[in-house]
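**Q** Shown below is the structure under consideration.
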Amino acid sequence: MKKSIRNYRLFLGRMGLFFFFIPIVVLIAGILIPDRGFSEKENRVLASRPALKADQVASGNFEKQFETYKNDQFPLRDMWITLKAGTDRLMGKVEENGVYLGTSGYLMEEFKAPLQQQYDATVSAMTNFASRHSDLKQYALIAPNSVNILKSKLPAFAPVQDQNPWLDSLKTSLTDAGVTFIDVRDTFRDHKSEELYYHTDHHWTTQGAYYAYQQAAAAMEIDTSSDSYEKAPVTRSFQGTLSAKSGFRSGEKDEIDVFLPTGENTLSSVINYVDEQKKSASFYDTEQLKTRDKYALFFGGNHAQVKISTPTETNHTLLVLKDSYANSLVSFLAPHYRKIIMVDPRYYYGDLEELIQVENVQEVLYLYNANTFFADTSLELALS
């Protein structure tokens, strides 16, 4: 008994020393380690030190910006995120930074309902655009996230907001405006036992994208009778943004597959990355498989504008207003259009009206995931 008490006191003493030295280590690391511009683990740009300006201080913005900067540039940040997540997990915590630790190996990002004013502005911009361009066929595919389709895998009593009322409202508004809403929720629920979403990342898998394409093709009157694909894995070591953001399941890995066209109707495409002024003959940037952000395999990640040209018999041009979910789906659409122009409003600062005229666009497809769509404001600005 005395030996157990002695060992326990020794353990507490060592832990006390450990926590005593943490601030010292952090302080030294903060001095020696320069600020980082990008977190490969979290796949995002980190905040830089804000400029000290009188108006920013007076408004309180400097304090907020500096707090963000301090959190982003915290020394050994990646290590502490993983350590904290492990500690929280031992204490029974199942949520970290808006990411839930689900069953069957799934991490799921929470859905945050948009501000009503922001939502109304985006929908108004879309319906006004539909009215101005009633001559164009217009479609919207707003993909549900895993937190919607795989809600049974969420931790018990997780206080997650429901995407469905917002998707239902959007569907009604766009349908009334003449936009065809491609609702894939039922299809995804029918296939939810399959790998529709990555376990460690917020994106849908190529299999999920393919099911969505099939439904989109039916709505867009695309003849898929000659479609033929062979599914092939390109990596089994993908660790996505949700794992990095939460620190949960840091050892979990995902597989990324590509669907390679087969048969006589296989067509080659030319991909033009407009701003980067480079061209490629492939939808895939295999160099990205050497990086952490392996989902960037598809088109090398997000770009302001990408033009895809395919030698098809049809002369139709499709404009896709999109987020990163589109990157793994558009290759399925390519054989059915002479030209596809992908525009990501988050990075695009050109004139959309002029682009439509110059490129003789006949069809428009909004292709987003629900979390990004309801949180983003750039689409409204691009359409207005």
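**Q** Give the residues of the stretch 234-248 that are charged (D, E, K, R) and without any contact (Cβ under 8 Å) to a residue 60 or more places away in the chain, sorted by residue number. Outline the logic, then answer.
**A** Taking the stretch 234-248 first, the residues charged (D, E, K, R) are 236, 245.
Selection gives R236 alone.
**Q** Continuing with the same structure: Only residues that are loosely packed, with under 14 Cβ neighbours inside 10 Å and either of a type outside the set (D, E, K, R) or at pLDDT below 95 (or both): list them for the stretch 129-148, please.
**A** Restricting attention to the stretch 129-148, the residues satisfying the condition of being loosely packed, with under 14 Cβ neighbours inside 10 Å are 131-132, 134-135.
Of everything in the stretch 129-148, those that are loosely packed, with under 14 Cβ neighbours inside 10 Å and either of a type outside the set (D, E, K, R) or at pLDDT below 95 (or both) turn out to be S131, S134.
**Q** Between a residue in the stretch 167-184 that is in contact (Cβ under 8 Å) with a residue 24 or more places away in the chain and closer than 17 Å to A121 by Cβ and any residue that is open to solvent by 30 Å² or more (accessible area, probe 1.4 Å) and assigned to a helix (DSSP H, G or I), which pairs come within a Cβ distance under 6 Å, given they are 6 or more apart or on different chains?
**A** Short answer, once both residue conditions are applied: A177/T127.
**Q** Here is a further query. Looking at S237, is it over 17 Å from Y325 (Cα atoms), over 19 Å from the mean Cα position of the chain (by Cα) and open to solvent by 10 Å² or more (accessible area, probe 1.4 Å)?
**A** The answer is no for S237.
**Q** Can I ask one more? Among the candidates Y213, Y197, which residue alone is touching a residue at least 12 places away in the same chain (Cβ under 8 Å), open to solvent by less than 20 Å² (accessible area, probe 1.4 Å) and over 17 Å from F332 (Cβ atoms)?
**A** Matching residue, one of Y213, Y197: Y197.
**Q** Please identify the pairs in which a residue from the stretch 313-326 that is more than 30 Å from H202 (Cβ to Cβ) and touching a residue at least 60 places away in the same chain (Cβ under 8 Å) has its Cβ atom under 8 Å from the Cβ atom of a residue that is open to solvent by 40 Å² or more (accessible area, probe 1.4 Å) and not in a loop (DSSP other than H, G, I, E, B), counting only partners at least 6 apart or on another chain.
**A** Every condition considered, no pair remains.
**Q** Identify the residue in the stretch 272-285 that is among the charged types (D, E, K, R) and open to solvent by 50 Å² or more (accessible area, probe 1.4 Å) and, among all such residues, is nearest to P311 (Cα to Cα).
**A** Restricting to residues being among the charged types (D, E, K, R) and open to solvent by 50 Å² or more (accessible area, probe 1.4 Å), the top hit is K279.
**Q** For the stretch 172-189, state whether one or more residues are farther than 20 Å from S331 by Cβ, charged (D, E, K, R) and part of a loop (DSSP other than H, G, I, E, B).
**A** Yes - at least one qualifying residue is present in the stretch 172-189.
**Q** Out of the stretch 278-312, which residues are without any contact (Cβ under 8 Å) to a residue 24 or more places away in the chain and within 25 Å of E363 (Cβ to Cβ)?
**A** K279, S280, A281, S282
**Q** Go through the stretch 201-210 and report how many residues are outside any helix (DSSP H, G or I) and crowded, with 23+ Cβ neighbours inside 10 Å.
**A** Number satisfying all stated conditions: 4.
**Q** Moving to a separate point now. Take the residues in the stretch 157-190 that are under 20 Å from E110 (Cα atoms) and of a type in the set (A, V, I, L, M), then tell me which one is surrounded by the fewest Cβ atoms within 10 Å (Cβ to Cβ).
**A** Ranking the qualifying residues of the stretch 157-190, first place goes to A158.
**Q** Take A143 and tell me if it is more than 21 Å from the chain's Cα centre (by Cα) and not polar (S, T, N, Q). It would help to see each step written out before you state the result.
**A** Values: more than 21 Å from the chain's Cα centre (by Cα): no; not polar (S, T, N, Q): yes.
Judged against the criteria, A143 is not a match.
**Q** Residue check: is A232 out of contact with any Cys (no Cβ under 8 Å at 6 or more places or on another chain), among the hydrophobic types (A, V, I, L, M, F, W, C), buried (at least 17 other Cβ atoms within 10 Å of the Cβ) and at pLDDT 95 or above?
**A** no
**Q** Then there is this: State which residue pairs qualify: first residue closer than 17 Å to T377 by Cα and inside the stretch 344-365, second residue of a type in the set (S, T, Y) in any location, beta carbons under 7 Å apart, and separation of 6 or more residues or different chains.
**A** Partner pairs satisfying both residue conditions: P345/S378; R346/S378.
**Q** Go through the residues of the stretch 152-170 one by one and say whether even a single one is modelled with pLDDT of 95 or more and β-branched (V, I, T).
**A** No: zero hits.
**Q** Would you please name the residue that is farthest from the chain's Cα centre (by Cα), looking only at residues in the stretch 255-271 that are open to solvent by less than 40 Å² (accessible area, probe 1.4 Å) and of a type outside the set (V, I, T)?
**A** Within the stretch 255-271, the match that is farthest from the chain's Cα centre (by Cα) is S269.
**Q** Condition test on Q357, is it closer than 19 Å to S280 by Cα and surrounded by fewer than 21 Cβ atoms within 10 Å (Cβ to Cβ)?
**A** No.
The values are calculated or read from the model by the stated rules, or taken from the named source; none is laboratory data. From a predicted model like this one, the values you see are computed outputs, not experimental measurements. Cβ: placed from backbone, ideal geometry, glycine included. Neighbour counts: every protein chain shown. With ligands, DNA and RNA removed, areas are computed over all heavy atoms of the protein, side chains included. Shrake-Rupley method; radii C 1.70, N 1.55, O 1.52, S 1.80 Å.
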